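Scroll down for the structure; my scribbles are underneath it.
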């Protein structure tokens, strides 16, 4: 099952167009959208439907390591790089551990 992680700007937002198929990218994007932002989990298909909401936008250490590994192997799309300065520091530290 494929999901789209729509970044919502607040309770009144109903536009699912901004987000990502990657939860980590969606979290990074949402973090840049203000305190009211959250993620609406959309089940892709013929008739897409919202199946969940994510309000905890913290990028976990495991997710940081996943990004670091993908960057180290060149398997990360640079257009998906929306991380905060703090998360970039965490990614760089994880990359240093990998190498």
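Since every read-out is calculated from the coordinates, none of them should be taken as a lab result. Since the structure is predicted, the reported quantities are computational estimates derived from the model, not experimental observations. Here Cβ is always computed from backbone atoms with ideal geometry, including for glycine, and neighbour counts include all displayed protein chains.
Tabulated data
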item	result
Relative contact order for the chain, counting Cα pairs under 8 Å that sit 6 or more residues apart, in percent	24 percent
C-alpha long axis of helix 85-98 to longest principal axis of the chain, angle in °	50 degrees
Packing-based exposure ordering (other Cβ within 10 Å, fewest first) of 92, 57	92, 57
D (Stokes-Einstein, µm²/s), Kirkwood Cα radius, the range 34-91, 0.692 mPa s at 37 °C	242 µm²/s
Centre separation in Å (Cα based) which lies between the range 50-74 and the range 26-49	14 Å
Computed over the chain, Kirkwood Rh from alpha-carbon pairs, angstrom	14.1 Å
Estimated inter-spin distance, residue 50 and residue 15, nm [label 7 Å along Cα→Cβ]	1.5 nm
Length gained when the stretch residue 43-residue 70 is fully extended (0.36 nm per residue, less Cα-Cα span)	7.2 nm
Highest-MSF residue in the chain out of 26, 68, 11 [GNM, Cα springs under 10 Å]	11
